[in-house]
Amino acid sequence: MYDALFPSSTDYQESYQRTSRKSRICTIRKRSEVKFVIEELYVKDYVLFEKANIDFSNHMSVITGETGAGKSLLIDAISLLSGQRSTSNVVRKDANKTILQMRLSKPSQEVLNLLEENDYDIEDDILIQRTITDQGKSSMKINNQPATLSFVRQIVSKMVDVHSQMDTYQLMDPNVQLDLLDRFANCEALKNEVKNLYQIYARASNELKKAQEETFSDDALEYATAQYNEINDADIKEGELEELLNRIKEVANAQKTLEDLNESIYTLDKDGGLIDSLYNLKKSLQRNYWDTSIENLDDIYYEFVDLSEELKNRREDLQRDTHELDKLQEREYLIKRLYRKHGQTYEGLMKAKEQYMETIDKIIHRQAVLERLSKEKEEALTLYQTKAESLSKQRKSVFNDLSSQIETHFKDLMLKNARFKVDVQRKEPSANGIDDINFVVSMNPGQSFSLLKDSASGGELSRLMLALKVVFQSQQGIDTIIFDEIDTGVSGKVAYAMGNKMKTLSKDYQVLCITHLASVAAWADHHYRVAKNSQSDSTLAHVEELSDQQVLEELALMSSGSVSKASLMAAKELKERTNQDG
């Protein structure tokens, strides 16, 4: 089945549809807006799995199995395919590499845009592949094209949310809570404005503090003035050094040309040289002959005289150039010295000049500078506070609605007396505003509100987190949610209620859940079981989707520890009840 679903790299390249990107994008955009899902997961030589392939479906799927069978390994495989860092210990014993592959269907337009912007082939589905060797080396591909871990994380984070017990504790972090609140209040754009204004305010505040703490002496003023004057007097122009070096090269080449000219002029003008010889020849012929050959020789003679004058003029020009070489080299030395001293480049030199001028200004006009910086700080603070107050107001405007929604889910999860609210305290200006945010709860009548971590038992905390997940999920834009044993610490009616809540969530999202509880697993639309077989020298795990009868047997085993007529009857009643309540 794997060969049909996930061809080898070579086969994949040959079979990949190389239709034009434009036509493929048009095809995808014409589809109806449906939630994308993890369609398929394939692992080979992965920890306990020799080979396993799972065809996932929409709505709610559960994975069950005995403790240690390898259920969470499948979720870990999805995490590795989501860009999580790996180690060589994921490679199965006696194998040299692990192969992981995951197919995601119906990507959002945002994901398509990201792929297109980074020159990835666009298809109806996204195939993510990862190979991990026993030496710890790892490589990833998206649609058979190499990809970095960070880019894979960026892509998959917009598709899949894996919620583990560790994530439950992360939700207790006030910073995480603030981010969730801002998404719920739809004020992330406003939050970015506040962040930008805070950075402006922080810079102005730091500049003022630095100026207030700076002390300057007469020596400091003298030094800054000397440095500024040296740069200013040099009057170096942008690009001057490059032009200067080219000119020096030209002049250096002129020296060799000058030597050649001197030799040519000497050959023409010396006693008994070419011009003298032509002149004597002409006179000798004139005494004895008078014909056209004499006239031609006369023309040649004057051409050589003109050539001599032309070469002498050129020599004078070159001599002026060579006299200029010393000045050019002195200028080159000055510019390079100042560059070495002040930033290595023209831009660095100009920045140093500006800084020296600022230092001089601070010393001479210290009080005026302090007043200017103080005014800039106050103006920046005023702009920041105005926007931060708007952000705070927008956050507070959703407090009641957020509390109401979460408390509704509390009741569904058999926390009928639990109350939720957002505690807000004003704090000093910061990049995320002026609100110190904490989610607080009261679990029982008459109990005061306190932080999540201080209020709830393990089972209560699981339900609290599930309620928060349901409410905040719609703001995250993610359509596949994975719960890795979120039902830890609960049982009976509470577990049944949590299963019901996950089932409700699966009407809008693809939900994958690992559970030990029959009252949660019974809600699933699709049920997968992981089991392992141990022999004397090896242990292998495998996974299968269960038939309706196998589901009842698994539920019976999970509930009572054995499959009997009574436990099967109870499992059947449980399944029928979920069908009615769901």
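In this structure, is K377 among the charged types (D, E, K, R), within 28 Å of S205 (Cα to Cα), touching a Gly at 6+ places or on another chain (Cβ under 8 Å) and at pLDDT 80 or above?
So K377 fails the test.
Collect the residues in the range 411-428 that are out of contact with any strand residue (DSSP E or B) (no Cβ under 7 Å at 6 or more places or on another chain) and buried (at least 17 other Cβ atoms within 10 Å of the Cβ), keeping them in residue-number order.
D412, L413, M414, L415
Return yes when L552 is touching a Leu at 6+ places or on another chain (Cβ under 7 Å) and at pLDDT 90 or above and no when it is not.
Considered against the rule, which asks whether it is touching a Leu at 6+ places or on another chain (Cβ under 7 Å) and at pLDDT 90 or above, L552 comes out as yes.
From the list E250, E243, E207, which one is modelled with pLDDT of 80 or more and either more than 39 Å from the chain's Cα centre (by Cα) or loosely packed, with under 12 Cβ neighbours inside 10 Å (or both)?
Among E250, E243, E207, only E243 is modelled with pLDDT of 80 or more and either more than 39 Å from the chain's Cα centre (by Cα) or loosely packed, with under 12 Cβ neighbours inside 10 Å (or both).
For the range 305-333, give me each residue that is surrounded by fewer than 16 Cβ atoms within 10 Å (Cβ to Cβ) and modelled with pLDDT of 80 or more.
K327, Q329, E330, Y333
Scanning the range 86-120 for residues that are part of a loop (DSSP other than H, G, I, E, B) and in contact with a helix residue (DSSP H, G or I) (Cβ under 7 Å, 6 or more places away or on another chain), which turns out surrounded by the fewest Cβ atoms within 10 Å (Cβ to Cβ)?
Looking at residues that are part of a loop (DSSP other than H, G, I, E, B) and in contact with a helix residue (DSSP H, G or I) (Cβ under 7 Å, 6 or more places away or on another chain), I get N118.
Which condition number does A495 fail, the rest of (1) part of a helix (DSSP H, G or I); (2) in contact (Cβ under 8 Å) with a residue 40 or more places away in the chain being met?
(2)
Give the range 429-472 a look and list any residue that's in contact with a strand residue (DSSP E or B) (Cβ under 7 Å, 6 or more places away or on another chain) and on the phi > 0 side of the Ramachandran plot, or say none.
Those that are in contact with a strand residue (DSSP E or B) (Cβ under 7 Å, 6 or more places away or on another chain) and on the phi > 0 side of the Ramachandran plot: none in the range 429-472.
Each row is one residue, and each column tells you yes or no for (1) aliphatic (A, V, I, L, M); (2) in contact with a Phe, Trp or Tyr (Cβ under 6 Å, 6 or more places away or on another chain).
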residue: Q355; (1), (2): no, no
residue: I364; (1), (2): yes, no
residue: A368; (1), (2): yes, no
residue: L381; (1), (2): yes, yes
residue: A388; (1), (2): yes, no
residue: K393; (1), (2): no, no
residue: S403; (1), (2): no, yes
residue: T408; (1), (2): no, no
residue: R426; (1), (2): no, no
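If you take the residues in the range 220-240 that are without any contact (Cβ under 8 Å) to a residue 60 or more places away in the chain and closer than 20 Å to V369 by Cα, which one is surrounded by the fewest Cβ atoms within 10 Å (Cβ to Cβ)?
E222
Taking the residues in the range 429-457 that are of a type in the set (G, A, S) and either in contact with a helix residue (DSSP H, G or I) (Cβ under 8 Å, 6 or more places away or on another chain) or closer than 13 Å to S392 by Cα (or both) as candidates, determine which candidate is surrounded by the most Cβ atoms within 10 Å (Cβ to Cβ).
For the range 429-457, the residue satisfying everything is G433.
Given the structure, is L574 at pLDDT below 90 and in contact with a Phe, Trp or Tyr (Cβ under 9 Å, 6 or more places away or on another chain)?
Considered against the rule, which asks whether it is at pLDDT below 90 and in contact with a Phe, Trp or Tyr (Cβ under 9 Å, 6 or more places away or on another chain), L574 comes out as no.
Report, ordered by the first and then the second residue, all pairs with beta carbons closer than 7 Å, sequence separation of six or more or different chains, a first member in the range 411-429 that is more than 17 Å from Q447 (Cβ to Cβ), and a second member that is among the aliphatic types (A, V, I, L, M) and in a strand (DSSP E or B).
Correct list of pairs: V422/I437; V424/I437; R426/I434; K427/I434.
Return the residues of the range 455-485 that are at pLDDT below 75 and outside any helix (DSSP H, G or I); say none if nothing qualifies.
Of everything in the range 455-485, those that are at pLDDT below 75 and outside any helix (DSSP H, G or I) turn out to be A456, S457, G477.
The values are calculated or read from the model by the stated rules, or taken from the named source; none is laboratory data. The structure presented is a predicted model; accordingly, all values stated were derived computationally and were not measured. Using ideal geometry, Cβ is built from the backbone for each residue, glycine included, and neighbour counts are taken over all protein chains shown.
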